[in-house]
1. Is it true that Tyr165 is free of Cβ contacts under 8 Å to residues at least 40 places away in the same chain and hydroxyl-bearing (Ser, Thr, Tyr)?
2. Does Leu257 meet the test of being surrounded by fewer than 21 Cβ atoms within 10 Å (Cβ to Cβ) and under 24 Å from Lys155 (Cβ atoms)?
3. Which number in (1) surrounded by 16 or more Cβ atoms within 10 Å (Cβ to Cβ); (2) outside any helix (DSSP H, G or I) marks the one condition that Tyr151 misses?
4. What are the residues in the stretch 218-236 that are more than 14 Å from Lys274 (Cα to Cα) and outside any loop (DSSP other than H, G, I, E, B), if any?
5. What do you reckon, is Asn118 part of a loop (DSSP other than H, G, I, E, B), of a type outside the set (Gly, Ala, Ser), within 16 Å of the chain's Cα centre (by Cα) and closer than 25 Å to Ser251 by Cα?
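The values are calculated or read from the model by the stated rules, or taken from the named source; none is laboratory data. Everything numeric in this text was worked out from a predicted model, so none of it was measured. Please note: Cβ atoms are built from the backbone with ideal geometry, for glycine as well, and neighbour counts cover all protein chains shown.
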Amino acid sequence: MSREKKKENISKRAILSIIFFVSLGVLIFSGYKLIRYKLESDETNAEITALEGIAEITEIDDSTSTNDEISSACQISENPDCALYWKYLNTPLIDVNLAALKAENSDTVGWLQVLGTNVNYPFVQTADNRYYLYHSFNHSYNSGGWVFLDYRNNKSLTDKNSIIYAHGRLDNTMFGSLRKLLTSDWISNPENFLLRTKTENSSELWQVFSIYIIPTTSDYLQTSFYNDATAEAFFKTLKSRSTYNFNTSVSGSDRILTLSTCYDDSRRLVIHAKLLKSRES
C-alpha cells in the first residue's frame, strides 16, 4: 500500500472517529436532557398536587340575578349572546387559602384558573421577570419554572393590563395546556371562555376576548396608559389579532388580564381576558 493511500485511510479513520465521538456526545447529552426533563416534570406534578391540597379551593356563590331577571333582560336585549353573558356573570368566584400558600412561599400573590385547561395554580411575583423562569414554587431550580405575575404589576391585579407568564411545557404543566385554546374542542364550548383569580383582597372573573400566536415581541406587555382612550386603542389592537372572534366588546374603562407563554423557540401564545366582575374578600 502506498504512503499516500495509508495517509488517506488514516485521515478517514480520524474523521470517522471524530464523527463517532461527536455523535456519542450528542446522544449522551440528549439522554441527559430527557432524563432531567422527566425528573423535573415529576417534581412539578407532585408539587402541583400538594399545593392543590394546601389551597383548599372553594367556590363562592355570587349570583348576580335570578333566572327571571336574566330572561327579562335578554328579551329586551339585542345581543344574541345575552343569556350566555348573564350565565358568565352568575359563574361562582373562587376562594383560596392564600395564607397557607404564603407560608410555603412568601412570593405568593394569587391563584389562577383557566377553565377547560390544566391551569389551576398559585402565581407568584418577585423583583424581576427572570427568577421564576428557572425556579419552582418551592424555590428549587427547575427549568419548568413557575407561574408569575409581571414585576411591574400591582399584586391586586388592578392595573389596566396585568400580565402573568409561565413556560408552555410539553407535559401540559404550567401554561402548556393553554394550547388547548387553539383547538376546536375548546372553542366550541363557550363555557370555557372564563378565567378565575383569587388575590389577597378580592376574587375576580375574566372573559377571554383574544387568543393569538405572535413572533416574540413586547408590544402587548404594556401595563399602564396615559388615559382611557390610549388604553382602548391598545385593547382593540389586541382584539384584532385574535384567531377567533369571541364577539366580546372591550373599552378603555376595562381592566384586562394577559397570559403569555412560549409556543415555540420564536413565537409566543398570548391570551387576553377582560374583567367581568370582582368581589372584595
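1. Judged against the criteria, Tyr165 is not a match.
2. No: the conditions fail for Leu257.
3. It fails just one condition, (1).
4. Asp228, Ala229, Thr230, Ala233
5. Against the criterion (part of a loop (DSSP other than H, G, I, E, B), of a type outside the set (Gly, Ala, Ser), within 16 Å of the chain's Cα centre (by Cα) and closer than 25 Å to Ser251 by Cα), Asn118 does not qualify.
Quick grid of which residues meet (1) buried (at least 23 other Cβ atoms within 10 Å of the Cβ); (2) at pLDDT 95 or above; (3) farther than 26 Å from Asn201 by Cα; (4) touching a strand residue (DSSP E or B) at 6+ places or on another chain (Cβ under 8 Å):
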| position | (1), (2), (3), (4) |
| --- | --- |
| Asp107 | no, yes, no, yes |
| Val114 | yes, yes, no, yes |
| Thr117 | no, yes, no, no |
| Asn120 | no, yes, no, yes |
| Ala127 | no, yes, no, no |
| Ser136 | no, yes, no, no |
| His139 | no, yes, no, no |
| Ser143 | no, no, yes, no |
